[in-house]
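One structure is given here, and the rest of the page talks about it.
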Amino acid sequence: MNSLWNDTDAAQYSDELELRAYTSRLLGQNPALVLHGGGNTSVKVAQTNIFGEDEAILLVKGSGWDLATIKPAGFTALRMAHLLKLSKLERMTDLQMMTELAVAKINPEAPAPSVEAILHGGLPYKWVDHTHANAIVTLTNTPEGEARIRECFGDRLVIVPYIMPGFDLAKLTLQCYAAQVNPRTVGIVLMSHGLFTFGDTAREAYERHIALVTEAETYIRAKSQEPRTKNQHS
Ligand code: ZN
């Protein structure tokens with residue numbers, strides 16, 4: 001899988017939201033990353049509110065927008081302070097979560113944010129990219145999926161067991177992240193779900209995504225060419 005990053009194109013985008021929309025489109029234009037729908041992206045920025053106060057804001061993909069064609073208007077601005085408080089709650093129903101995400105919006109007219117917004121907000125990185133990449137899901141869905149992810153990626157990815165998307169997944173992912181993070185960490189695999197990568201720049205988060213999915217594709221190709229052993233059942 002090739003990176004679609006283009007310096008000339010990227011140079012047109014002067015602000016972080018435009019750049020966020022640009023690399024989101026690069027992810028969305030690759031069917032091997034988003035074929036089964038979904039995926040979402042975010043960036044954390046500082047904005048000055050009407051009182052002249054600086055606020056930490058999460059700009060996260062809004063529902064109803066497709067990553068392949070998303071524009072700055074497709075991102076919803078949420079107050080980080082509210083998101084971080086929510087992420088510390090023990091439990092919340094998914095209905096409460098959607099209400100609280102609406103409360104966190106700085107513009108009531110903005111689209112409903114991704115259900116994965118609390119997860120994005122809780123990860124301590126500026127740029128966060130998430131897709132349901134085919135090659136990653138293919139690996140996690142094999143027998144011994146977790147062992148295969150470890151064999152392919154070593155300890156560079158945090159591994160999160162499968163649960164349905166929602167508040168519980170955000171909590172579990174942030175707990176797994178805290179328990180497994182190390183200096184080599186570049187992303188998170190959600191079993192039977194997809195991949196998160198992050199970085200200090202839009203390009204870093206995006207290029208890590210492409211590099212990791214490429215590694216998974218290479219691993220799958222190598223394994224499928226190996227001669228069968230007595231341990232394989234099919
Ligand atoms: Zn997802």
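The values are calculated or read from the model by the stated rules, or taken from the named source; none is laboratory data. Here the structure is a predicted model, which is why all the values come from computation and not from measurement. So basically every Cβ, Gly included, is an ideal-geometry build from the backbone, and we count neighbours across all protein chains shown. The protein model used for the area step is the full one, side chains on, heavy atoms only, and it has no ligands, DNA or RNA in it. Shrake-Rupley method; radii C 1.70, N 1.55, O 1.52, S 1.80 Å.
Segment A178..S3, full-extension length gain: 60.1 nm, with 0.36 nm per residue of separation and the alpha-carbon distance subtracted. Axis angle, to the nearest 10 degrees, between helix 202-225 and the longest C-alpha principal axis of the chain: 20 degrees.
Size descriptor for the range 27-96, Kirkwood hydrodynamic radius: 14.1 Å (Cα pairs only, one decimal).
Looking at the range 88-167, the trypsin sites (Lys or Arg not before Pro) that sit in a DSSP loop and have at most 10 other Cβ atoms within 10 Å of their own Cβ are R91.
Each Lys and Arg adds +1 at its Cβ and each Asp and Glu adds -1 at its Cβ; summed about the Cα centre, the chain shows a dipole of about 580 debye. Residues of the chain: accessible area per residue at 1.4 Å, in Å²? Per-residue accessible area for the chain comes out at 50 Å². Among the GluC sites (Glu not before Pro) found in the range 13-77, those both in a DSSP coil and sparsely packed, with 12 or fewer other Cβ atoms within 10 Å of their Cβ, are E53.
Shape analysis of the chain places it in the prolate category; the axes a ≥ b ≥ c from the Cα gyration tensor give an a/c of at least 1.5, with a/b above b/c. Does the range 80-170 come out rounded, prolate or oblate by the C-alpha gyration tensor, with a ≥ b ≥ c the root eigenvalues, rounded set by a/c under 1.5 and, if not, prolate when a/b is larger than b/c and oblate if not? Taking the square roots of the gyration eigenvalues as a ≥ b ≥ c, the range 80-170 is prolate.
Fully extending the segment from M164 to E109, taken as 0.36 nm per residue of separation minus the present Cα-Cα distance, adds 17.0 nm. Pairs of C-alpha atoms in the range 114-234 farther apart than 22 Å represent 32 percent of all such pairs. Between T99 and K223, what's the calculated FRET efficiency when r is the beta-carbon distance and R0 is 41 Å? Round to 0.05. Efficiency computed from Cβ-Cβ geometry: 0.35.
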